[in-house]
Structures are given as structure tokens and as C-alpha cells.
């Protein structure tokens with residue numbers, strides 16, 4: 001006989017958003033059941049996978065896709081995501097206990113106050129139904145929960161704060177110091193990034209020891225990952241079922257009565273509860289809602305898909321800079337995040353890539369046909385001098401950019417795969433021209449040779465929009481509390497609710513929204 | 001008196017003294033400052049503080065084979081602390097192990113050592129404690145099992161295991177440093193409480209003084225001057241560095257109770273006191289274990305398995321390891337290096353030439369894997385996360401055996417059962433079982449002894 005599964009609050013998805021909600025509620029004595037589509041993988045296994053994989057630049061490589069809960073894989077490609085439209089939304093995300101923050105840069109920026117008022121200020125995009133000031137206390141709570149280190153030296157990042165960062169920022173690498181000195185003296189504003197990475201022992205996790213592989217996997221948990229709060233939630237009494245792929249939301253009138261999941265054998269299980277929180281990211285959550293025909297009276301479910309389209313530049317500096325010491329990213333250029341220009345083209349943030357360049361240097365040196373001592377010297381030279389910058393551009397929410405469950409393509413359990421239609425408009429393209437000029441100037445300041453621009457609008461895996469937040473039920477999916485307009489006991493945790501993309505990584509904002517949602521649910525349970 | 005004067009001089013030279021910005025006027029302030037230094041040397045805070053923000057307010061749980069004992073509140077709060085204690089009552093507690101109401105105190109409170117403290121020093125500690133703000137915090141009751149919850153039984157224990165009274169020492173001037181060292185080790189820092197094994201009745205086995213003992217799953221190592229089994233091969237400078245920082249590259253790094261003792265107590269001792277302590281430890285009778293042919297820090301060779309691992313295992317989501325080397329690589333090598341050599345500056349200690357690995361008693365190695373390390377000193381915060389929630393008993397055993405074989409004493413082996421016992425706080429004491437077997441006889445004997453002791457005491461008082 002199958003077990004009757006029920007909890008006061010059922011959370012679908014165990015990434016940072018779902019785990020934070022689950023932890024907050026479990027701590028308050030609420031019964032919580034977390035359903036995670038993917039498997040539970042131990043950190044050491046992921047570390048070993050990374051070390052065993054030849055595809056060191058493919059940060060998905062250590063996370064093998066499973067039959068029952070596939071996720072995008074690129075080496076070799078599994079074509080899980082179906083692409084339509086002019087641009088591939090070839091995003092990365094992880095379906096495993098703990099979610100996608102297993103691998104990230106751990107950048108934990110706050111949005112700028114103006115990012116919440118794009119329509120009012122600049123006549124583009126949307127306004128949020130909440131303000132920066134309303135979110136500020138939750139930003140700080142999220143920084144404490146995740147363990148954020150940041151510049152406590154008075155550096156103004158444009159997002160007013162009432163409290164210092166929980167930890168001081170890590171020392172900058174030599175390369176970051178050089179860029180900090182040179183660019184700041186030439187009119188750029190380079191700042192240390194706030195990151196969910198320990199600069200001292202914090203929350204029973206050690207300080208960063210500079211393995212420089214944050215984005216495939218932090219081997220020592222100095223960097224925050226959703227698994228931290230999954231484990232805390234479980235300690236506080238929450239129950240998690242792994243390999244439980246939710247494929248259907250069952251309604252009883254206007255209320256959600258249950259969700260149904262398939263186990264790896266394809267057997268279906270029904271889970272009842274009082275409140276339901278969907279936290280399965282901006283692709284899988286709208287897919288689930290569309291498959292279930294839930295919450296879509298606005299027609300906006302799955303629409304307004306956003307990311308931070310990225311461009312880049314790579315060059316050889318005329319001095320040794322030794323990228324790769326410390327974590328993979330330490331500094332950003334922030335003076336192009338906001339301004340009157342945003343009514344015309346996208347704001348952006350540029351960041352220096354501190355990933356070790358040994359791999360790219362070796363490939364290039366081999367490509368040049370070198371052997372023996374000359375090969376070694378060339379690898380050393382390039383590993384010390386290769387510089388790479390990337391950027392995030394603020395894309396506008398566009399209903400035409402959307403994800404739907406594929407009609408033709410199913411996964412191993414017979415569940416529809418996501419089909420994504422995505423295009424990048426002039427708002428971003430115009431900005432990218434300006435970004436290119438900034439790159440050229442930076443390359444020039446460092447005597448750059450072999451300057452190569454990457455104008456392909458690379459994905460940055462910040463899956464936003466698709467369940468957008470707003471006051472009007474006709475044009476948005478959830479209200480300011482992350483509750484669906486259509487169903488009073490159905491809530492969304494995650495970046496899918498964000499009405500604008502801003503210019504910075506979305507994790508801290510989604511964490512702050514999750515804590516705010518948890519407060520609301522605690523009052524209801 | 002001579003000793004007290006010498007102590008006062010030492011205390012005034014101490015760093016604790018130096019930190020005081022504006023001393024209180026008169027001799028009262030001198031006494032308080034001296035008391036602060038002595039309380040630090042005696043590490044009172046370790047067992048009498050559970051919340052850093054409430055120093056000396058008690059509540060610290062001490063696991064014993066008979067149940068948990070809570071260090072009481074020793075702030076001057078009159079209700080929940082010791083605010084109502086007279087000087088005589090305070091001296092009696094430290095010198096005789098008797099509480100305010102005449103009850104026998106559990107020897108988790110090391111009055112066996114404190115009994116050797118001078119009355120002046122005891123009163124200086126009291127003056128210091130009474131100079132602190134009173135904190136209201138009730139100490140939890142001690143939930144010991146029968147018969148150990150009967151304090152009368154302690155009278156019997158004391159008969160066998162407690163010799164009150166001051167240290168018998170050669171008081172010639174030439175002997176001053178050694179005398180001071182003895183006083184520190186025997187009376188204040190109560191080193192034997194952990195480093196001397198206990199007999200069947202849980203008293204210190206004086207024949208094996210400082211010869212090493214197990215405490216709640218941790219090994220307090222042999223610190224006699226034997227060059228193989230003890231600290232004989234360490235230099236004075238290394239021993240001093242260890243007591244100050246808990247870390248000597250190529251020798252040892254402190255974890256567990258020793259890390260706590262260094263953090264709260266030993267690192268705050270004056271240079272002269274540390275020297276005296278080292279001098280004294282070098283003077284105690286060496287205890288040699290015939291199975292030891294090399295010092296513990298002289299063991300191990302670098303690992304080379306990393307190369308062999310690569311390309312063998314498939315990329316998977318499996319949580320069972322194909323080899324111990326794989327567990328080591330995935331869990332340990334990111335900080336301690338694939339070779340096990342740690343970082344060159346010693347921030348991440350080498351696993352070779354490491355006394356917790358090069359040992360025939362793998363208790364501490366397993367405890368560090370399970371519980372990690374936290375040691376705050378002037379050198380910074382040495383921190384390693386525990387893996388108790390991450391690895392199961394078999395995995396910890398596999399990992400420990402790999403490290404013992406590669407970096408340590410390959411004669412050492414552990415199994416999952418050993419790891420399970422370490423998780424539970426170390427091997428159980430035989431005493432509770434013995435007690436259960438002969439409970440009635442024992443209680444009867446204790447009552448008889450108690451009667452005799454009372455009689456003797458009354459006669460003595462009269």
C-alpha cells in the first residue's frame with residue numbers, strides 16, 4: 001500500500017528558494033514536505049566528477065542528467081531544451097537536491113532601487129509591485145542566511161544598506177588588484193563583488209581556500225549552495241523526497257488540492273497539503289503549471305522569459321597577471337548599471353573572469369603547433385596573460401520570449417520537455433555595441449593583443465520572468481506576495497516572479513523574496 | 001607566602017595584566033587582576049560557560065560515563081550563581097570538593113588539582129569572579145543515573161582517589177622555575193585530568209602520570225619526556241609554540257579539548273609560565289610504550305593516488321565510492337592537497353608528520369574527521385568542518401584507514417564499529433557495568449566508608 005503523503009506546506013523543488021522557504025517554516029514547527037525531481041548527490045562525488053571530466057570548461061559536466069529528471073547537458077549535448085526563435089536559450093540548471101547553486105559564481109548583488117521602477121523612470125519594462133525599501137530587510141536576512149562577504153569599507157554599490165555585510169570581502173587576487181588600480185584611475189568604477197563565499201569560517205563552513213573551481217563545484221562548501229538550507233530544513237524537521245518528479249497540479253475548485261509526482265519507476269504518487277510552493281526554477285515551474293492548466297488566467301505563465309545576455313572579450317595583456325588565484329570572480333565594473341540611457345538601451349555589469357586560463361592557454365599553444373620547451377613556455381605565458389571579461393545585459397520582459405511544454409518531445413518518464421522561444425531585441429543589441437567599446441578601451445589599457453570579442457549573447461543561466469509579479473491579475477501571474485492571482489494556496493518561490501532582470505545575478509533577490517514569502521506562510525500555517 | 005609573592009610578580013608581568021587599561025586603585029584591584037590570570041590558567045571558563053556572551057554563567061555540558069554534568073553558574077548572582085558564597089565556602093569547594101550546602105562535588109570539577117592551589121590564589125580567583133557582572137542563569141540539574149546520582153557515593157570515591165593538600169615541593173631558590181611549572185601543571189592547568197589515565201574507580205592512575213589517556217573519545221597524548229612515546233623529541237620552542245598557537249608544522253595541531261585549552265587558557269600564559277610548564281613536563285618520569293619505535297610525528301609518506309584515479313571512474317550520481325583514495329580526493333585533498341602535504345604555510349596541516357595520524361590510537365583522527373577543528377588563537381581561526389553528517393561510519397573508517405596507512409602508523413586500523421563508538425563520544429567506561437553488577441555490595445560498602453569518614457572527620461574537627 002502506498003504511503004499517504006501530506007504536509008501543511010508542500011514545496012516543489014529544493015534549490016535555494018525552496019530550501020529557504022522549507023527551512024524557515026520547519027524551524028517554526030510547520031510540517032514541510034519537499035519534492036525534488038533530481039537525485040541526492042554528495043559533494044565529494046561532484047568534486048570527483050569534475051576532476052574526472054575532460055570537459056573542464058563545461059560546468060554542467062559534473063552533474064550527469066538522469067533519466068527521470070533530465071536537465072540540460074552540453075558535453076555531449078542531450079538536447080533536453082527544445083529551441084525555437086532566433087536565439088538559443090541554452091541555459092544551465094541542475095535538477096538535484098540543492099539545485100543550481102551547486103555551481104555558480106556566488107555573486108550576491110542586490111538590485112538597484114531603480115531596477116524596481118523601470119517603467120516609471122525609463123518607460124521600458126515593468127515596475128515591481130514592491131519597492132527596494134520593502135525588500136531591503138529581506139536582502140539583509142538573505143545575506144546572513146547565505147553568508148555574504150562584501151566590501152565593508154564604505155564602497156557604494158548603489159543599493160543602500162542598513163547593516164554591514166556579514167563578512168568582509170576576500171582579498172583581491174593580484175590580477176583583480178591590477179584592474180582595480182588601472183581601471184579606477186581611468187574613469188571606470190571597479191568594486192569588489194559581494195559574494196556568498198566565506199572569507200572566514202561562517203555557519204560551520206570554512207573560508208575559501210582558492211580551489212578556483214566555484215562554478216563547476218566548490219569542493220569545500222566555502223561557497224554557499226542550496227544544499228546548505230536543504231540540510232538545515234531537514235534537521236529542523238522537514239522531509240525531502242528525492243527523485244520525485246512533480247508532473248501535475250490537482251485543483252479542487254479554485255484551491256490546489258494536491259500535486260502528483262512520478263518516482264523513477266514511473267509510479268505516480270499524490271501529495272496533499274494546505275499550502276503549495278512551486279520552486280522548480282523559471283523553466284520547470286511554468287512547464288508544470290502549463291501542463292496542469294493552473295494559474296494561467298492572465299495567459300502570462302511561461303512568458304517574459306529573461307536572462308542576462310552576455311558578451312565578452314578575451315585578450316593577451318602585456319604583463320603577467322596570473323588569473324586563477326582565489327575564487328573564479330572577485331570584481332565587477334558597475335558604472336554602466338543605471339542612468340538615463342536605460343530608456344534607450346540596456347544597463348549592464350561587466351566582470352573580470354578570474355578562472356585559471358591554463359586550459360585555454362594549452363589549447364592555443366597546441367594549436368600553434370608548438371612542442372617541447374617552446375610549448376611549455378607558451379602555455380606559461382598565456383596562462384599568466386590571458387584576460388577575459390564578460391557582461392550581463394538587462395533584457396526587457398517580452399511576452400514573446402516564452403517557455404511551453406513541448407507537444408512532441410517527452411523525457412524518460414513521458415513528461416513534456418521544455419520548448420523555448422527566445423529572441424534578443426535592439427534594447428540589448430544597442431547596449432552591446434557600447435559594451436564592446438568599453439571592452440576595447442580596457443584591452444587598450446592593458447596593452448591587449450589578440451583581442452577577440454564574443455558578441456554571441458551567451459546565456460548566463462539567470463532564468464527570470466515566466467511567472468511574473470504584478471498588481472494586475474490580467475497581466476501578471478503572482479501578486480506582490482508571490483501568491484498566484486488565481487489560486488490562494490499556490491505560491492511561487494524563485495526568480496521566475498521577477499518583473500525585471502536588472503544587471504546583476506538574481507540569486508540574492510530570489511532568496512530575499514523567498515524569505516519574505518516564508519514570513520507570509522508562517523503566519524498562515 | 002614566598003610563592004604568593006612570586007606569583008604576584010608573575011601575574012603582574014603577564015599579558016593579561018598588560019591589557020588592563022586603568023587598574024582599580026589599591027590592593028583589591030591587584031588581587032582581581034591576579035585572580036583573572038589564575039582563572040585563565042585554571043581554564044574556569046571552559047566548563048562554566050556555554051554561551052560566549054554569558055561568561056562563567058554555567059550550563060556547559062560535560063559528558064561522563066554516568067551521564068551529563070553541567071558546569072554551574074559561578075558569576076556573583078545571588079540566586080543562580082555563587083553570590084552568596086563566603087570565602088570559606090569557596091575555598092572548601094576548591095580544596096575539598098564540597099559545595100555550599102556540604103554536598104560532595106562531582107570530580108568533573110577538578111578539585112583533585114585545585115586542592116593544591118594556595119589559599120591566596122583561590123581567594124584571588126574568587127575576587128575576580130565577584131568583580132564580574134552577575135548573570136542570572138539557572139544551571140540545569142545533573143541527570144545522572146543511579147547510583148551515580150547519589151552524592152554520598154562520592155565520599156567513597158574521594159577516599160580512594162583524592163588527596164587534599166598542597167604540593168610537596170623542594171623550596172630551594174634554585175628550584176623556583178620547576179616549582180612554578182609544577183604548580184601550573186598540577187594545580188592550575190590541571191593537565192593530569194586529561195593526560196593521566198584513570199583507574200577502575202575513575203581516579204587518576206598516578207603510576208602513569210601524564211602517560212596519555214582517553215577523554216570522551218579524544219586521546220590526550222603522552223606528554224612525558226619519552227622521546228618516542230611522549231614529547232621528548234620536541235624542542236622547548238616547539239612546545240611553547242604549540243601551547244601558544246596549537247600548531248607546530250611537521251609535529252602536531254591541536255583539536256578537541258586541547259584546542260579549547262589552548263584557546264581559552266594556555267595561550268594567555270606569560271612567557272615565563274610557559275617556560276616553567278615546559279620545564280616541569282620535561283622533569284616528570286618518562287613513560288615509554290614498547291610498541292613505539294618512532295615518534296608519532298615521524299610517520300607517513302606522500303600519496304600519489306590522484307593520478308591513478310583519473311579517467312577510471314565514470315561520471316555518476318552514485319554516492320558509494322569505488323576506493324578510499326577517491327573518498328580522500330573528494331573530501332580532503334582540496335585543502336590538504338592530493339599528496340596530503342597540506343599548504344606550505346601550515347594553514348592546512350600536512351597529514352604526514354602529524355601526531356594525530358602517526359599514532360597507534362586513531363581516536364583523534366576519527367574525531368577530527370567527524371567533528372572537525374575549531375581553534376581560535378592570535379594566529380587566527382583554524383577551522384575544519386566536521387564530516388559526521390556527510391560520511392557514514394564505513395566511509396569514515398575507510399578514509400581513516402587510508403590515511404593511517406598512507407600518512408600515519410600503518411599498524412593502526414579502525415572499523416565502522418569504532419567510528420560508531422567515536423560518534424557516541426568514545427568507548428564506554430567499564431565502571432557503570434561493574435557498578436550495576438555489584439550495585440548493592442558497592443552501595444553498602446560506600447555507606448560503611450561514608451560512616452567511617454564522617455566519624456574521622458568529626459574527630460578531626462573536634
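So the values come out like this:
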read-out: Qualifying residue in region A:26-34 (condition: within 23 Å of residue A:233 (Cα to Cα), within 10 Å of chain B (Cβ to nearest Cβ), touching a strand residue (DSSP E or B) at 6+ places or on another chain (Cβ under 9 Å) and crowded, with 20+ Cβ neighbours inside 10 Å); value: no
read-out: Region B:55-113: number of residues that are on the phi > 0 side of the Ramachandran plot and surrounded by 21 or more Cβ atoms within 10 Å (Cβ to Cβ); value: 3
read-out: Number of the condition not met by residue B:320 [criteria: (1) touching a residue at least 12 places away in the same chain (Cβ under 8 Å); (2) within 10 Å of another protein chain (Cβ to nearest Cβ)]; value: (1)
read-out: Residue match in region A:219-240 (condition: part of a loop (DSSP other than H, G, I, E, B), more than 11 Å from chain B (Cβ to nearest Cβ) and under 22 Å from the mean Cα position of the chain (by Cα)); value: yes
read-out: Filtered residue count, region B:308-317, keeping only those that are part of a helix (DSSP H, G or I) and either surrounded by fewer than 19 Cβ atoms within 10 Å (Cβ to Cβ) or more than 8 Å from every other protein chain (Cβ to nearest Cβ) (or both); value: 1
read-out: Condition met for residue A:209 (closer than 28 Å to residue A:68 by Cα and assigned to a loop (DSSP other than H, G, I, E, B)); value: no
read-out: Which listed residue, of A:133, A:115, is crowded, with 23+ Cβ neighbours inside 10 Å and modelled with pLDDT of 95 or more; value: A:115
read-out: Filtered residues of region B:203-243 (kept if in a helix (DSSP H, G or I), within 17 Å of residue B:277 (Cβ to Cβ) and in contact (Cβ under 8 Å) with a residue 24 or more places away in the chain); value: B:236, B:239, B:240, B:243
read-out: Some residue of region A:81-101 being closer than 28 Å to residue B:321 by Cβ, surrounded by fewer than 22 Cβ atoms within 10 Å (Cβ to Cβ) and within 11 Å of another protein chain (Cβ to nearest Cβ); value: no
read-out: Residue within region A:137-156 that is within 14 Å of chain B (Cβ to nearest Cβ) and either closer than 23 Å to residue A:350 by Cα or surrounded by 15 or more Cβ atoms within 10 Å (Cβ to Cβ) (or both) present; value: yes
read-out: Test set (1) touching a helix residue (DSSP H, G or I) at 6+ places or on another chain (Cβ under 8 Å); (2) modelled with pLDDT of 95 or more; (3) more than 21 Å from residue B:209 (Cβ to Cβ) - residue B:263 fails condition number; value: (1)
read-out: Hits in region B:323-347 - residues which are out of contact with any strand residue (DSSP E or B) (no Cβ under 9 Å at 6 or more places or on another chain), in contact (Cβ under 8 Å) with a residue 24 or more places away in the chain and either within 30 Å of residue A:242 (Cβ to Cβ) or more than 10 Å from chain A (Cβ to nearest Cβ) (or both); value: B:324, B:325, B:327, B:328, B:329, B:331, B:332, B:333, B:339, B:340, B:341
read-out: Residue check for residue A:110: within 12 Å of chain B (Cβ to nearest Cβ) and either touching a residue at least 40 places away in the same chain (Cβ under 8 Å) or surrounded by fewer than 24 Cβ atoms within 10 Å (Cβ to Cβ) (or both); value: no
read-out: Hey, residue A:12 buried (at least 22 other Cβ atoms within 10 Å of the Cβ) and over 25 Å from residue A:91 (Cβ atoms) or not; value: no
read-out: Flag if residue B:284 is more than 10 Å from every other protein chain (Cβ to nearest Cβ) and modelled with pLDDT under 95; value: no
read-out: Filter result (in a helix (DSSP H, G or I) and over 23 Å from the mean Cα position of the chain (by Cα)) within region A:120-132; value: A:120, A:121, A:122
read-out: Those residues of region B:379-398 which are away from chain A (no Cβ under 11 Å) and either within 14 Å of residue A:200 (Cα to Cα) or modelled with pLDDT under 95 (or both), in sequence order; value: B:379
read-out: Residue list for region A:51-80, filter: crowded, with 22+ Cβ neighbours inside 10 Å and facing chain B (nearest Cβ under 10 Å); value: A:51, A:62, A:63
read-out: One residue from B:118, B:139, B:112 being over 22 Å from residue B:199 (Cβ atoms) and touching a strand residue (DSSP E or B) at 6+ places or on another chain (Cβ under 8 Å); value: B:139
read-out: Verdict on residue A:138 being part of a helix (DSSP H, G or I) and either touching a helix residue (DSSP H, G or I) at 6+ places or on another chain (Cβ under 7 Å) or touching a residue at least 12 places away in the same chain (Cβ under 8 Å) (or both); value: yes
read-out: Only listed residue being touching a residue at least 12 places away in the same chain (Cβ under 8 Å), outside any loop (DSSP other than H, G, I, E, B) and more than 16 Å from the chain's Cα centre (by Cα), chosen from B:40, B:68; value: B:68
read-out: Selected residue (criterion: farthest from the other protein chains (Cβ to nearest Cβ)) from residues of region B:297-307 that are more than 14 Å from residue B:330 (Cα to Cα) and not in a loop (DSSP other than H, G, I, E, B); value: B:298
read-out: Per-region count, region B:145-202, residues over 29 Å from residue B:278 (Cβ atoms) and in a helix (DSSP H, G or I); value: 8
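The values are calculated or read from the model by the stated rules, or taken from the named source; none is laboratory data. In this text the structure is predicted, and so the values were computed from the model without any measurement. Don't worry about glycine lacking a Cβ; one is built from the backbone with ideal geometry, like all the others, and counts go over all protein chains shown.
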